[in-house]
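J.: Sharing a structure below in structure tokens format, with a few things to ask.
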């Protein structure tokens, strides 16, 4: 027991913290090398953690910068998907959460782009109907109301709008229990559930996992 205690005590606390505390970050494949650039001192060499208090602060700030940069690059990649790919991305996200999905084919959809349910026949609740608008313009209240009026009437409603929502649309959505998701929220959900996404959904958005010190 005494020897074990001595061994643990011999490890520098900063080193233990560095080894034992990491964050998992997803970024698009092409940006993996950016991590080394951000944490380097400009010479291409990674500064060892824990040498000075100033270096600790710098590494922490660089890590935050990298995470923000990686997230922004993923958001840009999602924004570049076409409308049909965006529908497939949302459907894949719901499948990662344990739902079975049906995606409306191109053409008039009656206000519902994705229908999600727990069982193979679509009888088990909750049933979720989703409208996806991938564009720059904000979604207005009439479009939210159209989703509410679409079949199945008793389904839970999600509205995904990469252009955001008008203030009136947000009020109507909240009043009627419609979950609104903008581009930033969609990206956060994709990053959270990425490892569980179907293979075909990951192919739309190939990301690389990177571990960074926390």
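The values are calculated or read from the model by the stated rules, or taken from the named source; none is laboratory data. Source: prediction; values computed, not measured. Counting neighbours? That spans all protein chains shown, and the Cβs are built from the backbone with ideal geometry, glycine included.
J.: Looking only at region 137-160, count every residue that is in contact with a helix residue (DSSP H, G or I) (Cβ under 8 Å, 6 or more places away or on another chain) and either farther than 25 Å from residue 125 by Cβ or without any contact (Cβ under 8 Å) to a residue 12 or more places away in the chain (or both) and tell me the total.
T.: So the answer is 4.
J.: Could I ask something else about it? Suppose we filter 118, 80 for residues that are under 17 Å from residue 162 (Cα atoms) and free of Cβ contacts under 8 Å to residues at least 24 places away in the same chain; which single one remains?
T.: Residue meeting the stated conditions: 80.
J.: Need a quick list: helices (runs of 4 or more DSSP H) entirely within region 117-214 having at least 2 residues that are on the phi < 0 side of the Ramachandran plot and touching a strand residue (DSSP E or B) at 6+ places or on another chain (Cβ under 8 Å).
T.: Helices (runs of 4 or more DSSP H) meeting the threshold: 141-149, 167-175, 183-193.
J.: Look at residue 111 and say whether it is under 19 Å from residue 82 (Cα atoms), without any contact (Cβ under 8 Å) to a residue 12 or more places away in the chain and part of a loop (DSSP other than H, G, I, E, B).
T.: no
J.: Could you check region 98-108 and list, in sequence order, the residues that are part of a loop (DSSP other than H, G, I, E, B) and under 11 Å from residue 87 (Cβ atoms)?
T.: 104, 105, 106
J.: Listed residues 41, 29, 53, 109; which is over 21 Å from residue 161 (Cβ atoms) and at pLDDT 60 or above?
T.: So the residue among 41, 29, 53, 109 that is over 21 Å from residue 161 (Cβ atoms) and at pLDDT 60 or above is 29.
J.: Taking the conditions exactly as written (under 18 Å from the mean Cα position of the chain (by Cα) and modelled with pLDDT of 95 or more), does residue 160 satisfy them or not? Spell out how you get there, then give the answer.
T.: On the way: under 18 Å from the mean Cα position of the chain (by Cα): yes; modelled with pLDDT of 95 or more: yes.
Judged against the criteria, residue 160 is a match.
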